[in-house]
Amino acid sequence: MKTYLGIDVGSISYKFVLIDEKNQVLFWLYKRTEGNPILAIQNGFKELRKFIENHNAEIEIAGIATTGSGRYLAGVIAGADLIKNEITAHAKAISNFVPGAQTVIEIGGQDSKIIILENGVAVDFAMNLICSAGCGAFLDAQSFRLRIPVEKFGELAIKSKEPTTIGSRCSVFAESDMIHKQQIGHKIEDIVAGLCEGLARNYLGGVGRGKKINPPIVFLGGVSENLGMRKAFEKALEQKIIVPSYNTVMGALGAAILIKEMAPLKTKFRGFEISKKDIKCASFQCRGCPNQCEVIEAKIDGKIVARWGDRCAKWSNLNPV
Amino acid sequence: MKPIITFPSWGNYSIALKTLFEKMGLEVIPPEKINSQTILEGAKLSPEMFCFPLKTTLGSYIPALRKGANTIFMVQNAGGSCRQRYYGRIQEKVLKEQGWEINFIDFKTTPKDIYSEFKKISGASFWQIFQAARFFLKELHLIERIEKDAQFLRPREVEKRETDKILDWALLEIDKIGDGKRLLKLKKEILKKLSKIKIAQKKDVLKVGLIGEIYTVCDPTINFEIEKKLGWEGIEVHREMDLTYHLKKAIFPWKDWLIQRKINPYLKSTVGGHGRDAIYEMLNYVKKDFDGVIQLLPAMCMPEVTVRPILEKIHQESGMPFLSLSLDEQVAETGINTRLEAFVDVVKNYHNQRIANKLRICE
């Protein structure tokens, strides 16, 4: 059976999605990278192999695509047939899974984006620029500080009847606002709900500014698991928010659909043995010209498999094909 | 003290600026090309909230100062009237606080001011300065010409990256040359080489306009070689903003009045810098039926931030894809690449949809 694999390596988590030729999801996985994307990808392949051995040994991987901020690294390690940016991947997945959707809100660990769709293709998008206030990483930090597991954060937030106001222009200010509200004795659920509303405001005022936010609106990414954030967006936009299934792995799913449509004759997949091999990534500064690019070098079992990051292609031209 | 000149590094224009001073009989140590190291050094010394070009140019002087330069030329209103006017003052203060004994020359881009400052420092005759300026303009013209040729050739070249190989070679050769006759010969040689690049005829090439703050738009290191990246993706980049454009505006002030007339429905006054020009250029690209516009600005650049909502409005009205990229020292290249790649996809969607619409009308 021919299947296609999409891998999304983000700043905080990594996702694997395996689909068949009818876009049915056979396997999916969402796990934290814990600061080591290489090991994470290797673990992902281990789990995928286990799944294939236990369920259907006839599964054959006919194509791999990678996406997310770690897409180049993941692409080199896995031997990807396609390396695609996460915006196009998300747009692809949504046009297949939520036909007619016009707006996609996606909030991940380090970045948040808005994608405007027309007739199933992306016509406009925006991403947070320098500041990543209001992203998953900040919610993570706050849940750790308040000793509430981040998975419970949303449940707590929707219990609140009177959310307090939390300034959301900057996460440092938001945190000091939260501490202040704690100290004057506000209930914890009111503070958490206030935080969610603040983050939704921040998103709409920053990333979403000047964009035509038309329904149907889809909410994706790790933060879309948070019930409090869903409610905050519904309140701020006065619209129904759709959170489809596979909301957290939609990028990987989109990548898988893209490679399925490309249908490569022969995949460059390095095989499941990759999870046992010794993979090392290092960088050096090229002294060839005043540009002084930082060149990244990936080695598998001591053999150089790829170099990237140079502006003149002096090093990346040496890559074995 | 015998003056040894250095000046702010600015993309490929540094080559022409170097010969300008040499031609006047001055000793020159060119500034270091902008790279991660110079950015780091500049940012360390600069006021934190100041704009990015101040930091990068400051960083570019320092290696030259270490090599013995003692006089810095800095232009006062290269970006129109905005914080750029104070660059010279701030850089002078910062460098003197660091203990550098330097002569900081801060001049305006008016022909009179340029002439008198050059005269004072070099002691050259009027004729010599005139000749130096003439040669500078010729060299500048050649650099801008081959940059423009490369923008056209990149998306069409058959053998990948051939254009850039010739461009890199050409810039190195121009740097070596010091007299008019040899420059003319080299010009012919470069143009011949460029014309020999095999190009794909009848290729449907997408067009994207590059607008925004003059320094970030023109310096390929600062903007992460955006022109090359788009070119390799099969996109023809157009950019009106360059040094000649600015010099022309400094000499013929009525150009501003013409621009103002065109943008009246959107903005009724100046906002400093090249804010008005950005609106004018974007309207122009909409009129010319381009497939997209990218605005580049240093983070928190006041004029560009002010006109951004207007550009967004033009984008909403016309439907033409628009991307605004703020650049600063913290920006990792991955972030820029992701946005650019996604933008290229959006531009392609837009282009294909327009072709489909045209076909439908024909039927």
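Any read-out appearing in this document is the output of simple, stated calculations on the displayed coordinates, not a laboratory observation. Remember, predicted model here, so these are calculated numbers, not experimental data. Here the Cβ is made from the backbone with ideal geometry for all residues, glycine too, and neighbour counts use every protein chain on show.
Angle of helix A:250-262 to the longest C-alpha principal axis of chain A, folded into 0 to 90 degrees and rounded to 10: 40°.
Of B:LYS193/B:LYS255; B:LYS55/B:LYS262; A:LYS84/A:LYS240; B:LYS160/B:LYS203; B:LYS229/B:LYS255, which pairs sit farther than 24 Å apart, going by alpha carbon to alpha carbon?
Listed pairs above 24 Å: B:LYS193/B:LYS255; B:LYS55/B:LYS262; A:LYS84/A:LYS240; B:LYS229/B:LYS255.
Of all DSSP-defined beta bridges confined to the protein assembly as shown, some 50% are antiparallel rather than parallel. Can you work out the FRET efficiency for the pair A:CYS170 and B:THR334, with r the C-beta to C-beta distance and R0 = 22 Å, to the nearest 0.05? So, using R0 = 22 Å, E works out to roughly 0.45. Under the simplified labelling scheme, the A:ASP20-A:GLU58 pair shows an inter-label distance of 0.9 nm, with each label point 7 Å from Cα along Cα→Cβ. Summing charges over all other residues whose Cβ lies under 12 Å from the Cβ of A:ILE184, with Lys and Arg as +1 and Asp and Glu as -1, gives 0. Note on chain A: GNM, Cα springs under 10 Å; of A:LEU265, A:LEU18, A:LEU117, the largest mean-square fluctuation is that of A:LEU265.
Give me the net charge of B:GLU312's neighbourhood, meaning all other residues with Cβ under 9 Å from the Cβ of B:GLU312; Lys, Arg count +1, Asp, Glu -1. In short, +4.
Compute the label zone of A:ALA282 within segment A:293-318: residues whose backbone N is under 19 Å from the point 7 Å along Cα-to-Cβ. Of the residues in segment A:293-318, A:293-310, A:315-316, A:318 have backbone N under 19 Å from the label point off A:ALA282. Where the centre of each part is set by its Cα atoms, how far does segment B:140-173 sit from segment A:27-53, in angstrom? Segment B:140-173 and segment A:27-53 have Cα centres spaced 44 Å from each other. Can you tell me the orientation of helix B:126-153 relative to chain B, as the angle in degrees between its alpha-carbon axis and the longest Cα principal axis, to the nearest 10? Value to nearest ten degrees: 30.
Straight-distance candidates among the lysines for linking to A:LYS187, with alpha-carbon spacing under 22 Å and chain neighbours fewer than 8 residues away dropped: A:LYS152, A:LYS159, A:LYS161, A:LYS231, A:LYS235.
Scanning residues 5 or more positions from A:GLY288 or on other chains, none has an amide H under 5 Å from its amide H, with H placed 1.01 Å from N in the peptide plane. Across B:THR334, B:THR109, B:THR38, mean-square fluctuation computed from a Gaussian network of chain B (C-alpha pairs under 10 Å connected) peaks at B:THR334. Residue by residue along B:341-348, Cβ atoms of other protein chains within 10 Å of the local Cβ number 6 on average. Going from the residue with the fewest nearby Cβ atoms within 10 Å to the one with the most, B:MET74, B:MET1 rank B:MET1, B:MET74.
Between the amide H of A:ALA306 and those of A:ALA298, distances stay under 5 Å, these residues lying 5 or more places away or on another chain, with hydrogens modeled in the peptide plane. One equal scatterer on each Cα of segment B:1-104, no solvent, Debye formula: the resulting log10 I(q)/I(0) at q = 0.10, 0.21, 0.24 Å⁻¹ is -0.24, -1.13, -1.46.
Taking only alpha carbon atoms, chain B gives an Rg to Rh ratio of 0.97, where Rh is the Kirkwood radius.
Centroid-to-centroid, using Cα positions, segment B:292-357 and segment A:106-123 are 14 Å apart.
The share of C-alpha pairs in the protein assembly as shown whose separation exceeds 37 Å stands at 44 percent.
For the peptides A:52-63, B:350-361, what is the packing order when you average, over each peptide's residues, the other Cβ atoms within 10 Å and list the highest mean first?
On the way: A:52-63: 14.3, B:350-361: 12.2.
Highest mean packing first, the order is A:52-63, B:350-361.
State the antiparallel share, in %, of DSSP beta bridges confined to segment A:99-243, rounding to the nearest 5. Present the calculation step by step, with values, prior to reporting the outcome.
Values: 11 of 17 bridges.
If we restrict to bridges inside segment A:99-243, about 65 percent are antiparallel.
Diffusion of segment A:279-318 by Stokes-Einstein, at 10 °C in a medium of 1.306 mPa s and with Rh set to the Kirkwood radius over alpha-carbon pairs, works out to 154 µm²/s. Projected over all directions and averaged, the alpha-carbon convex hull of segment B:205-362 occupies 9.7 nm².
Given the DSSP H assignment, sum -39500 (n - 2.57) over each helix run of at least 4 residues in chain A and divide by its residue total; what's the result at 222 nm in deg cm²/dmol, nearest 500?
Values: 9 runs with 115 residues, N = 321.
Estimated from H runs of four or more residues: -11500 deg cm²/dmol.
Please average, across the residues of A:82-91, the number of beta carbons from any other chain that are within 10 Å of each residue's own beta carbon, and give a whole number. Show your work: numbers first, answer last.
Numbers: counts 0, 1, 3, 9, 3, 7, 7, 2, 1, 4.
Across A:82-91, the average partner-chain Cβ count within 10 Å equals 4.
What FRET efficiency do you get for B:ASP256 and B:LYS287 if R0 is 30 Å and r is their Cβ-Cβ distance, rounded to the nearest 0.05?
Numbers: r = 20 Å, r/R0 = 0.66.
Step by step, r from the Cβ atoms, then E = 0.95.
Using the rule -39500 (n - 2.57) for each DSSP H run of four or more residues, divided by the residues of chain B, the 222 nm mean residue ellipticity is -18500 deg cm²/dmol. Where Rh is the Kirkwood radius over the Cα pairs of chain A, the temperature 10 °C and the viscosity 1.306 mPa s, what D in µm²/s does Stokes-Einstein return? The diffusion coefficient I find is 76 µm²/s.
What's the FRET efficiency of B:PHE126 with B:LYS185 using the Cβ-Cβ distance as r and R₀ = 22 Å, to the nearest 0.05? Provide the component values of the computation, followed by the final result.
On the way: r = 28 Å, r/R0 = 1.27.
Step by step, r from the Cβ atoms, then E = 0.20.
Remark: spin-label model distance B:GLU22-B:LYS112 equals 3.3 nm, labels positioned 7 Å along the Cα→Cβ axis. For segment A:99-243, the Cα gyration tensor yields ellipsoid semi-axes of 27, 15, 13 Å (square root of five times each eigenvalue, largest first, whole Å). Helix A:171-183 axis versus longest C-alpha principal axis of chain A: approximately 40°, rounded to the nearest ten. The protection proxy used here, the mean number of other Cβ atoms lying within 10 Å of each residue, ranks peptides A:76-84, B:200-208 as follows, highest first: A:76-84, B:200-208. Per-residue shielding of A:121-128, expressed as the average number of other chain Cβ atoms within 10 Å of the residue Cβ, stands at 6.
How much of the DSSP beta bridge set in chain B is antiparallel, as a percent to the nearest 5?
Among the beta bridges of chain B, antiparallel pairing accounts for roughly 5 percent.
Summarising the label geometry, the points placed 7 Å from Cα in the beta-carbon direction at A:LYS46 and A:GLN239 lie 4.3 nm from one another. Per-residue 3J(HN,Hα) values for segment B:111-116, derived from phi via the Karplus relation 6.51 cos²θ - 1.76 cosθ + 1.60 with θ = phi - 60°, read x, 5, 5, 4, 4, 5 Hz in sequence order (x marks Gly and Pro).
Between the DSSP loop rule and a limit of at most 12 other Cβ atoms within 10 Å, which trypsin sites (Lys or Arg not before Pro) in segment B:216-285 are left?
Here the trypsin sites (Lys or Arg not before Pro) that fit, given the DSSP loop and packing criteria, are B:LYS268.
Here is the size of segment B:61-154 from its Cα atoms: Rg then Dmax, 16.3, 47 Å.
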